[in-house]
């Protein structure tokens with residue numbers, strides 16, 4: 001049964017990029033630094049790729065660099081296949097990156113350097129999180145808010161939450177919908193949306209469509 005006193009509070013995530021001072025000019029140097037940089041840097045270049053507004057030809061900064069600057073398309077595709085949201089930890093993501101690079105270096109042990117200015121620069125992200133003053137107590141209010149909040153809010157509640165909550169496919173939206181509104185079927189439908197395959201705005205549209213369909217069915221007495 002829904003708990004009417006419980007609100008979903010939308011929060012905003014603003015990311016500040018911090019340089020580590022480390023850079024790689026070829027694949028061997030990239031591999032060495034991937035093995036040694038802090039988790040915050042791996043997180044920045046993999047999990048937080050989607051908040052940067054890139055097109056989805058690539059799915060992390062490493063694959064983008066390999067494809068665009070090293071011009072190693074095969075390697076870029078292998079790195080793109082790594083889905084950080086299905087792996088259990090940053091350590092697991094790091095190991096997969098190294099495994100794919102090592103396999104490539106076994107076949108091509110003498111990688112060329114990129115041209116000056118196109119080195120891979122390792123960065124970290126400092127996230128500032130704050131409430132935006134929007135609380136919703138039911139699905140109708142949730143839909144209105146979802147349509148108008150900034151993309152940084154969508155990122156925080158759908159992407160960042162998967163790391164923050166430590167529950168794999170669970171995001172803030174589906175967690176609230178299941179545990180506060182008691183709508184497990186709807187929560188499962190939202191969790192079925194693959195974060196790896198969509199931009200943030202596409203995620204917003206998918207959630208909106210799923211919730212609208214559920215509300216419509218609920219009004220017709222179909223949803224349970």
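With just the Cα atoms defining each centre, how far is segment 123-158 from segment 6-28? Give it in Å.
17
Taking only Cα atoms of segment 14-124, what ratio of Rg to Rh do you get with Rh as the Kirkwood inverse-distance radius?
0.92
Could you give the nm distance between label points at residue 14 and residue 198, where each point is 7 Å from its Cα heading toward the beta carbon?
2.7
How high is the FRET efficiency from residue 217 to residue 92, r the C-beta distance, R0 25 Å, rounded to 0.05?
Result of the calculation: an efficiency of 0.10.
Would you mind estimating how fast segment 128-204 diffuses translationally, via Stokes-Einstein at 4 °C and 1.567 mPa s with the Kirkwood radius over Cα pairs, in µm²/s?
101
Using only alpha carbons, build the gyration tensor for the chain and give me the equivalent ellipsoid semi-axes, biggest first, whole Å.
38, 17, 14
Return one number: the angle in degrees, 0 to 90 and rounded to the nearest 10, between the long axis of the Cα atoms of helix 90-107 and the longest principal axis of the Cα atoms of the chain.
40
Comparing 116, 174, 81, which has the greatest mean-square fluctuation in the GNM of the chain with Cα pairs linked when under 10 Å apart?
116
Please state the relative contact order of the chain as a whole percent: Cα pairs under 8 Å, 6+ residues apart?
31
FYI, it's all coordinate maths here, none of it is from the lab. Note that this is a predicted model, so its numbers are computed, not measured. Here the Cβ is made from the backbone with ideal geometry for all residues, glycine too, and neighbour counts use every protein chain on show.
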